[in-house]
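Coordinate-derived values only; no laboratory data. Everything numeric here is computed off the predicted structure, so don't read it as measured data.
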Amino acid sequence: MTTENGKDIGTILREARGERSYRVVQKECGVPLATLAAMESGERKKCSTERLRQLANYYGVSFTELMRAAGHIDERQRIVPDKVK
């Protein structure tokens with residue numbers, strides 16, 4: 001899924017991370033390195049809303065944008081039910 005500006009979750013996170021290493025982000029933000037790498041590479045499209053909030057706060061990006069890019073909300077700002085039980 002992409003945002004209004006056409007970016008997917010991996011692109012948003014990669015751009016926000018900039019020159020910081022995964023290890024630095026993991027240490028400062030608390031999101032596991034494997035999760036960061038999988039989300040940026042596109043292996044993992046969805047992640048918990050708590051993780052997205054952590055990343056949004058750490059990177060200073062829009063939580064709503066991350067939620068949309070991760071497929072948690074649709075273009076009308078409606079919550080998309082999680083199909084995984």
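Data overview
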read-out: Using θ = phi - 60° and Karplus 6.51 cos²θ - 1.76 cosθ + 1.60, couplings along the range 7-21 (whole Hz; Gly, Pro as x); value: 9, 8, 4, x, 5, 4, 5, 4, 5, 5, 5, x, 8, 5, 7
read-out: Full-extension gain in nm, ARG44 to LYS27, via 0.36 nm per residue minus C-alpha separation; value: 4.1 nm
read-out: Residues with amide H under 5 Å from that of ILE73, placed H, sequence gap 5 or more; value: ARG68, VAL80
read-out: Overall form of the range 9-69 per C-alpha gyration tensor (a/c, 1.5; a/b vs b/c); value: rounded
